[in-house]
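Bear in mind that the values in this text are calculations on the coordinates, not laboratory data. These figures come from a predicted structure and were not determined experimentally. Quick reminder, even Gly has a Cβ in these numbers, built from the backbone with ideal geometry, and neighbours come from all protein chains shown.
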Amino acid sequence: MLCQGGFSQTQRKHRPLHPGEAVAVPDPGFTPHLAARLAAATLAAAGPWPLPPERLQLLRSLVPHALGNPTALDAVLTRLVLAQARRATPPDLTEATALDAVLARRVTVDAAPELSEPLVWPAPARLGGERVLHAK
């Protein structure tokens, strides 16, 4: 059943919305972007210094939350690799193999075009291009 504003009503009891009332709207696409943002903040907070083990674990824990969006996943994994490179001891073969396994499980855009990001090509007129095209 649709209620005010076209949102799907999840509760059985319908009640009218009042002007200015806050409404929680589920957004499954938000979680991957939030994971990428938290990964950036975690890495930036350390400055040029190695991350403590608990911060590295925090970065690792963000990877599953970024899986829903290829761009966010790339951002989280890149920040994890950058953080690993700051360690006193370099990553070993086991860690590199585990990272490779995660990358192999990524969904390709060809397999799931609905996960693709909008593309702009050629650049918009204000950037010297002629038109904007979006991936479907």
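Descriptive notes on the structure:
- Label-point separation in nm, Thr89 to Glu21, each point 7 Å along Cα→Cβ: 5.8 nm
- For the range 17-73: relative contact order, % (alpha-carbon pairs under 8 angstrom, 6 or more apart): 50 percent
- Cα-based Rg of the range 30-105 normalised by 2.2 N^0.38 Å, two decimals: 1.03
- Here the calculated FRET efficiency for Ala104 and Glu54, from their Cβ-Cβ distance with R0 = 22 Å, stands at 0.20, rounded to the nearest 0.05.
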